[in-house]
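Written out below as structure tokens is the structure these notes cover.
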Amino acid sequence: MYIAFENINEHSDAWDVCIIGAGAAGISMAVTLAERGHRVLLCEGGDADYSERSQECYRGDVVGDPYIPLYGARLRHLGGSTNHWGGICRPLDRYDFNAKAAASETAWPIGRDALAPYYSSAVTMLGLEPTPADHVIPEAGLKRIYFSLGHPTRMKEKHAATLSDSATLACCLTANLVALESQAGKVTSATFSNYRGDYRKVQARYFVLACGGIENSRLLLWCNQQLNGQLIPQADTLGRYWMEHPHATVGKALLFEPAALGLDEDYNVFLSPTARSLRSRQILNCGLRLHRMNAEATQELIDELAGQAPTLAGRVRVWQAQGRIIHGAVLRAAWEQEPRYDNHIELSDELDKLGVPRSRLVWRQSELDRRTIRESMLLLGEYLRDHEVGRLQLADWLADTPVQLPTEGELAGRHHMGGTRMSLNAEEGIVNPDCRLFAQDNFYVAGSSVFASAGHANPTLTLVQLALRLCDHLESRLTTNGAEAAQPI
């Protein structure tokens with residue numbers, strides 16, 4: 001059920017779990033825990049729908065490489081960025097959880113097996129169809145991969161009935177976290193503010209921060225500053241190792257044998273390097289996306305080839321006359337970014353309307369990031385050439401040495417990861433493998449901010465798997481600690 005901000009602390013002894021943030025992770029956890037009978041308070045800083053007064057809180061600065069304005073990179077209302085999510089996702093690869101040869105910092109403290117039990121439930125939670133299994137393309141160093149491309153789920157709509165009707169779940173809008181209190185290694189209360197400057201203090205047995213891949217860092221930096229480091233005593237990595245998925249149009253391909261890559265059967269084909277290719281090329285993971293051209297655009301590409309390789313172009317025309325299938329394809333890509341300490345979220349000197357310092361993102365792509373996309377494209381080009389099934393034309397910026405990444409266009413996927421990194425110890429991260437702050441017994445972080453590395457896959461499915469895994473952990477703790485049977489709120 002929904003409760004007004006003014007009434008948020010009328011049930012101060014009722015909450016088993018207070019979840020802060022109602023995006024993909026927060027709603028997944030709130031719905032799951034409430035359905036299991038636990039008393040959950042879900043606090044969302046925004047309104048039910050888009051409002052400028054809420055969205056304005058996301059304004060911030062970017063230092064470094066060109067990036068999407070922070071104000072427009074996310075949505076700040078019920079349902080979070082699932083309100084403009086395209087529905088494209090897949091799990092991380094198994095080897096994404098291990099240390100890659102090119103960057104040891106990519107290792108997670110858990111493996112994919114820890115998330116595998118939550119795959120089906122996450123697919124259901126997001127309203128997706130399970131993706132087919134990947135398969136390796138022989139002698140290519142590449143594999144054909146699949147994404148869920150179904151109708152995008154709007155979490156606030158899919159779970160509207162539970163949010164409004166559950167007897168054990170209370171959802172409060174315009175409730176913005178502005179402070180935490182902690183004593184003896186436990187968070188004792190969270191203070192929320194609405195847009196009129198009213199404050200309410202909430203107590204709960206457990207707290208979960210689920211405000212997104214920038215906001216989680218911003219709020220913890222601010223709360224830790226107010227508590228003089230008591231919340232996170234070892235805060236060297238707080239906000240650090242922030243990551244994105246760089247996106248760009250990377251070239252064109254002329255395919256003499258489209259079936260070799262599966263393009264005969266599908267309009268779009270997705271490829272990525274195999275684990276062996278990542279090791280041999282000393283790169284990170286990358287997703288290549290081939291979008292088939294129409295007949296007119298394909299012919300234009302053949303005509304371009306005539307000026308560069310007239311002999312080959314002549315053969316292509318003979319093949320066309322023989323009825324051989326030839327397709328052109330535009331290539332786009334999204335690739336893994338190296339987790340680097342220098343890429344981070346910090347607090348600016350400017351305050352938002354709630355009195356919280358705004359975010360400043362410091363973000364630069366590394367030489368490894370550049371090598372990853374170039375080598376992935378060369379891997380594809382070499383396969384097409386060596387097996388005489390096609391030719392690849394790199395985008396001009398990829399042909400340069402050194403590679404100069406685009407400064408405009410798509411730039412990135414709006415996939416915010418890292419900042420509250422999961423690790424085995426407080427020296428190397430902010431949360432433990434259960435997503436709990438190391439110095440606080442009852443405070444957890446949910447969402448892609450806990451990612452230790454990014455792979456190339458859109459993060460939504462993985463972050464919901466993590467959220468459902470956290471639900472099981474909290475269930476165990478609530479049961480072990482003797483939670484009373486939930487009563488209607």
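Quick check on segment 407-473: what does the Kirkwood estimate of hydrodynamic radius come out to from the alpha carbon pairs, in Å? Present the calculation step by step, with values, prior to reporting the outcome.
Values: mean 1/r = 0.0787 Å⁻¹.
Radius from the Kirkwood sum: 12.7 Å.
Using only DSSP helix segments of four residues or longer, with each worth -39500 (n - 2.57), what per-residue ellipticity at 222 nm results for the chain after dividing by its residue count and rounding to 500? Present the calculation step by step, with values, prior to reporting the outcome.
Values: 13 runs with 128 residues, N = 489.
It lands at -7500 deg cm²/dmol.
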statement: When all Cα-Cα pair distances of segment 116-241 are considered, the percent exceeding 25 Å is 51
message: From the phi angles alone, apply the Karplus equation (6.51, -1.76, 1.60; θ = phi - 60°) to segment 357-372 and give each ³J(HN,Hα) in whole Hz, x where the residue is Gly or Pro.
response: x, 6, 7, 10, 9, 9, 9, 9, 7, 9, 4, 5, 4, 5, 5, 4
field: Kirkwood hydrodynamic radius over Cα pairs of segment 1-89, then Stokes diffusion coefficient at 4 °C and 1.567 mPa s, in µm²/s
entry: 87
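How do 131-144, 259-272, 30-43 rank on mean C-beta neighbours within 10 Å, highest first? Don't jump to the answer; show the numbers that get you there.
Numbers: 131-144: 14.4, 259-272: 17.5, 30-43: 24.1.
Those peptides, ordered most packed to least, come out 30-43, 259-272, 131-144.
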Net charge contributed by nearby residues that have their C-beta within less than 13 Å of ASN83 (K/R +1, D/E -1): +2
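What FRET efficiency, computed as 1/(1 + (r/R0)^6) with R0 = 25 Å and r the Cβ-Cβ distance, is obtained for VAL63 and GLN226, rounded to the nearest 0.05?
On the way: r = 24 Å, r/R0 = 0.97.
With R0 = 25 Å, the Cβ-Cβ based efficiency is 0.55.
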- prompt: Under Stokes-Einstein, with the Kirkwood radius over Cα pairs standing in for Rh, what whole-number D in µm²/s applies to segment 281-378 at 20 °C and 1.002 mPa s?
  reply: 121
Cα-based equivalent ellipsoid, segment 67-142: semi-axes from gyration tensor eigenvalues, Å: 27, 19, 16
message: Please give me the summed charge of the neighbours of MET243: other residues whose Cβ is under 9 Å from its Cβ, Lys and Arg +1, Asp and Glu -1.
response: -2
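Quick check: from the Cα gyration tensor, does segment 165-204 come out rounded (a/c under 1.5), prolate or oblate?
Numbers: a/c = 3.56, a/b = 1.22, b/c = 2.92.
It comes out oblate by the Cα gyration axes.
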message: Per residue, how large is the accessible surface of segment 267-349? Use a 1.4 angstrom probe and give square angstrom.
response: 45
message: Percent of Cα-Cα pairs more than 19 Å apart in segment 191-331, please.
response: 71
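If I stretch the segment between ALA133 and GLN282 completely, what's the gain in nm (0.36 nm per residue apart, minus their alpha carbon distance), one decimal? Please report the intermediate quantities before stating the final value.
On the way: separation 149, 0.36 × 149 = 53.64 nm, distance 2.52 nm.
Gain in length upon complete extension: 51.1 nm.
Tally Lys and Arg at +1 and Asp and Glu at -1 over the other residues with C-beta under 11 Å from the C-beta of ARG200: what net charge comes out? Numbers along the way, then the final one.
Working: positive: LYS201; negative: GLU6, GLU10, ASP198.
Neighbourhood net charge equals -2.
To the nearest 0.05, how large is the calculated FRET efficiency for LEU354 and GLU6 if R₀ is 22 Å and r is the Cβ-Cβ distance? Could you put the intermediate results ahead of the total?
Details: r = 17 Å, r/R0 = 0.77.
It comes out at approximately 0.80.
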- prompt: Setting aside same-chain residues fewer than 8 positions from LYS186, which lysines have a Cα under 20 Å from its Cα?
  reply: LYS201
- prompt: Which one of LEU437, THR460, LEU92 is farthest out on the positive end of the charge dipole of the chain, using unit charges on Cβ (Lys, Arg +1; Asp, Glu -1) and the Cα centre as origin?
  reply: LEU92
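Which entries in LYS100/LYS143; LYS143/LYS252; LYS100/LYS252 show an alpha-carbon gap greater than 24 Å?
On the way: LYS100/LYS143 18 Å; LYS143/LYS252 19 Å; LYS100/LYS252 29 Å.
In this structure, LYS100/LYS252 exceed 24 Å between Cα atoms.
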message: Taking a virtual spin label 7 Å from the Cα of TYR341 along the C-beta vector, which residues in segment 228-254 bring their backbone nitrogen under 12 Å of it?
response: 236-238, 240-241
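Tell me whether segment 31-170 comes out rounded, prolate or oblate; compute the Cα gyration tensor, take square roots of the eigenvalues as a ≥ b ≥ c, and use a/c under 1.5 as the rounded threshold.
Working: a/c = 1.95, a/b = 1.34, b/c = 1.45.
The shape class here is oblate.
What percent does the relative contact order of the chain come to when contacts are Cα pairs within less than 8 Å and at least six residues apart?
In percent, rounded to a whole number, it is 25.
Given 25 °C and 0.890 mPa s, compute D for the chain with the Stokes-Einstein relation, Rh being the Kirkwood radius over Cα pairs; round to the nearest whole µm²/s.
Values: Rh = 23.6 Å.
Answer from the Stokes-Einstein relation: 104 µm²/s.
So what's the projected area for segment 370-489, the Cα convex hull averaged over all directions, in nm²? Don't jump to the answer; show the numbers that get you there.
Numbers: hull surface 52.7 nm².
Its Cα hull, projected and averaged over all orientations, spans 13.2 nm².
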field: Residue-wise HN-Hα coupling along segment 24-35, computed from phi with Karplus coefficients 6.51, -1.76, 1.60 (Hz; x: Gly, Pro)
entry: 4, 6, x, 5, 4, 6, 4, 5, 5, 5, 5, 5
statement: One finds the C-alpha centres of segment 1-40 and segment 277-325 to be spaced, in Å, by 54
- request: Starting from the Cα of LYS156, draw a straight line to each of the aspartates and glutamates and keep only those under 14 Å, dropping any in the same chain fewer than 8 residues away.
  value: GLU44, ASP47, ASP49, ASP165
- line: Extension length gain for ALA167 and ASP396 (0.36 nm per residue less Cα distance), in nm, is 76.6 nm
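Highest mean first, what order results for 249-256, 199-206, 315-322 on Cβ atoms within 10 Å?
On the way: 249-256: 22.0, 199-206: 18.8, 315-322: 12.5.
Top of the packing list down: 249-256, 199-206, 315-322.
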query: Percent relative contact order of segment 349-471, based on C-alpha pairs within less than 8 angstrom and at least six residues apart?
result: 14
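The values are calculated or read from the model by the stated rules, or taken from the named source; none is laboratory data. Please read these numbers as outputs of a predicted model, since none were measured by experiment. So basically every Cβ, Gly included, is an ideal-geometry build from the backbone, and we count neighbours across all protein chains shown. To get the accessible areas, we keep the full protein, side chains included, count just its heavy atoms, and leave off ligands, DNA and RNA. Shrake-Rupley method; radii C 1.70, N 1.55, O 1.52, S 1.80 Å.
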